[in-house]
Every structure is written in structure tokens, then in C-alpha cells.
Amino acid sequence: MYLLVSFVILILGAFSFSDWPGTLLLVATQLVLLIGFIRERHVTSVGAFVFMSFLFFGMRPLYIVGNNDTNLIIGLFGADASADARHVALTWAASGLWVFVLGCAAQRMQGNWKIGQLQFASYSQTRQLDVLSLPPSGYLVALLLQGIALTAMIFLSKSGLGIYGSSLGAYAYDFPMILQGVQLFGIVVFVERWVRERSMGAVALMGVSFILLALTSWFAHDVTLFRGAYITPLMAAGFALLFRYKGRVGYLWLILPLIVLLPIFRILGETRGLENKDFAYEMGVKAGKLVNPVSYWNFFDSGGDMNIYDTFVAADQYKPAFHPYILSWLYAPAHVIPRKIWPSKPERGVLQDLTYLNGYPYCPGIMGFFLGDGGHLWMLGSMFILGFILSWMDMKVLRMKPGYFKICIYAILTVNALYLTRFFLWQYTWQVLYFLLPCWFLARYIVKYKGSFRNRQLGQPGGIQKIG
């Protein structure tokens, strides 16, 4: 139903070239798609992707029309910023998002899968989902691992080892995510204990676990310019807690915190190059902006992070000298190959012709990258496939047996879907894997440990009881 309604609005918007009416209709197309996911009352990675896309290709175009803020399109990219040019680009962007949701719908139909058919247990119903609690030594090991991850991040922070200057190149770029994966797993272990026991001891251990995560994120700010290294794990920890405690995680828990924290995200971007001591000072100086209602509207101006649409407008007008087509999809798994083995490996993983950026570090979003891969029809086809794949991953995760790993992977996929809107495919793929692998490895270890512990309690030989 939402696909049909949004399609009708999309067609009306596509043929309405007046600035305000056309923009409002194309933004409304995206809003209707978002509402369709909100009504499911459970956050998925597909829904998270749609929400973030709406901020980029919904709120930013509205700001441009309302404030005539075309500085980036004209000043940086030298592109046509007329109402007609922006309308054409927005039509393609709205169409790309619609096709993305169509891909999700096709996967759900093919897999006979509906969110409403899944069983989302409440706290009282899930107390015994993970029936084998760890012995005290197991929880001490979890805290020890978190402490080791924090120590490693402090070492990186204080040693002056620059992530971007490392000889490991792109492999080092996401290294902090490995440490954050260890932290997330520890969080999940103690959240699970708190849900089952609800004791003061469980609350205290969970609090210590969150403090270790927060400290790791704080020192990660000194290690990398990438905000995801310290924002992503904090958000993932929140979703892990909600998913384990509530079962069904409503979109209010995704949308409201992000909207409330928009001014903070902007300040994080403006201060990304500062050390922690200077960062803390700047946060104090700019604290007034955090409570100023105007900051929320100005968040979408050309001086902040909402420049995906502006860059997409430039990309839509540019005629690339070459098209990599499917090579961008194939490169995602191949990114792990070292340059010594693959001398012609693309620099920084860029396969598209990005000349229109004029050397500026801006991004047209995943849709813009698909556009550069092969043109408008290729972009639509790629968005359909992407929606299908993300929906398939959602289905697999939500149908997994209860356990530590299910909670971890749900949180990781949900949060990283927000970044996918502005990432290369390989960036998303490897950030997820870097974050996920420690959780998978530790979950496998815990499964064996718990099975052996139970058998020792029963006086039986050691074995593996898979419940994680």
C-alpha cells in the first residue's frame, strides 16, 4: 500500500517542476516510504537506511528551497543549481529510494516474510532465553577483555600512532572497530545477565561495562578522524540493550535520539581534528548551540554534514569518462587483497570517475556512487539489489536462535545501515566485518564455555551446547 501511494506521489512530483510543489512532492514520496517502516514498529537495517536517506534527500532539499542555500553546488562543484537541475536530481534520488524499498518488498515476498509474523518477546517472556548463565570467572573474563580493548585504544591514543599514516593503510582505518566489537560483546553479556537477574550486582556490572565502552570511545576520538569509530559502538550498545530488553525496538528509539543529537553530530564533525582536551573545550564553548532550537534547522545548511544531496546534484550533471559497472560490487570482497599482491589496486578504493568533486572530500552517497558506476538505470537496478540484500540480512538475523551473537549482529547491522547511505560498498562491508568478527569469535567461545560449564555441573564429559 505504501509503495503504491508513494509511487503515485513520485510520479506527480516528477512532473511538477515548480520549485516548492515539486520538492514537497518528492520529499513526501520519501516520507511515505519511511512511515511504512515506522508502522512496522520494529527497526530494521532497511528502515534505518530509509530514515537516513530521508535526512539527506528530504530535509536538505527543503532547506535549499527555503533558504536558497546553493553555495556548495555552485561554489565547490561549479554545477547548475537552478530549480530544474535540482528537481531532476531529486527525482532520481527519490526514485532510487523507492526502488530500494521495492527490492526489500520483493525479498520479503520471495521469502514469505513479514515483520508482523515474527514473535517479539517481552522482558517477562525472555528471562530464560539464555538459560545457561556464566560462572563468575566467565563474567570476569568478559570484563578483562573489555579492559584489554580499552588499554589498546589508550595505547593508540597516547602513542601518536596515526591511523591514516599507518603502513597498513585501509586495514588500519577500521582497526578501532575491532576493539569496539570486543566492547559491544561485553555489553551484550552483561545486558543479558541484567535482563535475567535484575539484581544490584548485575546492574553494577552492566554499568562498569558501559563505562569501559564509553572510555574506549573517548580515546578513539584521538585515534581516528572517523566519527563512526566512537559514535557507532555507543549507538550499537543502545540498540543491543533495547533489543534484548524489549524484543521489538520501535522507530522512536532510532529517530528521536538522532534528531535530538543533530547539533552534537555537527560539532563532532567540526572538531574531528582536535585532540580530546581541545575537543572538550570546544564542546563547552559551543554548548549553547546544543539547546538552541534554530540549531536543528541550521543543521541542514551547506556548512554541515548534510551535503550528500548537493554532491548528488553535481554527480547527476557530470558525464564520467568511464563506468566501472559491476566492478564496484566485485571490489567489495576484493578490498582485503594487499596492494603488494595486487599492484593496480584502486587508490582509496575509488573506482568511479569523481572528477566533478574537484578534489574536495565530499560524497554523493551510495546512490551517487551507483550513478557513477553505470548511469541512472544502473543506479536503480543497484538500489533494488541493495534493498533485497539488506532485507535478506534482516530476515536472517531476526530468525536466528536467541543468543549473544544475535543481539550483537542486530545492533551492528542496524547502526551501520545509517552509514551505508553515504558509504562505498566496500566501506560498509568491511566496517561491518571488522565490528562483527570479534563478536562472532567470542560468541563461539562462550558457547563452548557454557556447554562445558553445564556438563561439569551435571557431572558429564565436556561438550558443546549451542545456544549462543
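Within the stretch 400-422, identify whether any single residue is small (Gly, Ala, Ser), in contact with a helix residue (DSSP H, G or I) (Cβ under 6 Å, 6 or more places away or on another chain) and at pLDDT 90 or above, and answer yes or no. For the stretch 400-422, residues small (Gly, Ala, Ser), in contact with a helix residue (DSSP H, G or I) (Cβ under 6 Å, 6 or more places away or on another chain) and at pLDDT 90 or above: present.
Here the stretch 55-80 is the region considered, the condition is being surrounded by fewer than 21 Cβ atoms within 10 Å (Cβ to Cβ) and hydrophobic (A, V, I, L, M, F, W, C), and the residue that is farthest from the chain's Cα centre (by Cα) is ILE74. Checking each residue in the stretch 273-325 for being under 21 Å from PHE423 (Cα atoms), exposed (fewer than 15 other Cβ atoms within 10 Å of the Cβ) and at pLDDT 80 or above picks out PHE322, TYR325.
The number of residues in the stretch 291-314 being in contact (Cβ under 8 Å) with a residue 60 or more places away in the chain and of a type in the set (A, V, I, L, M) comes to 4. Just one of the listed residues (LEU118, LEU134) is under 22 Å from ILE187 (Cα atoms) and either at pLDDT below 85 or among the aliphatic types (A, V, I, L, M) (or both), and it is LEU134. When PHE51 is tested against (1) buried (at least 22 other Cβ atoms within 10 Å of the Cβ); (2) modelled with pLDDT under 95, exactly one condition is not met: (2).
Among the residues making up the stretch 345-381, those that are in a loop (DSSP other than H, G, I, E, B) and within 22 Å of HIS335 (Cα to Cα) are LYS345, PRO346, VAL350, LEU351, GLN352, ASP353, LEU354, PRO361, TYR362, CYS363, PRO364.
Conditions tested, residue by residue: (1) under 24 Å from LEU90 (Cα atoms); (2) under 18 Å from the mean Cα position of the chain (by Cα); (3) crowded, with 24+ Cβ neighbours inside 10 Å.
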site	(1), (2), (3)
LEU357	yes, no, no
PHE370	yes, no, yes
GLY374	yes, no, no
SER382	yes, no, yes
ASP394	no, yes, yes
ARG399	no, no, no
PRO402	no, no, no
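The set of residues in the stretch 244-253 being surrounded by fewer than 24 Cβ atoms within 10 Å (Cβ to Cβ) and assigned to a helix (DSSP H, G or I) consists of TYR245, LYS246, LEU252, TRP253.
State yes or no: is ARG108 basic (Lys, Arg) and farther than 27 Å from CYS408 by Cβ?
Working: basic (Lys, Arg): yes; farther than 27 Å from CYS408 by Cβ: no.
Criteria not met by ARG108.
Selection of the stretch 326-349 for residues being closer than 12 Å to PHE369 by Cβ and either of a type in the set (S, T, N, Q) or surrounded by fewer than 13 Cβ atoms within 10 Å (Cβ to Cβ) (or both) yields only SER328.
The values are calculated or read from the model by the stated rules, or taken from the named source; none is laboratory data. The structure displayed is predicted, hence computed values, not measured ones. Note: ideal-geometry Cβ built from the backbone for every residue, glycine included; neighbour counts use all protein chains shown.
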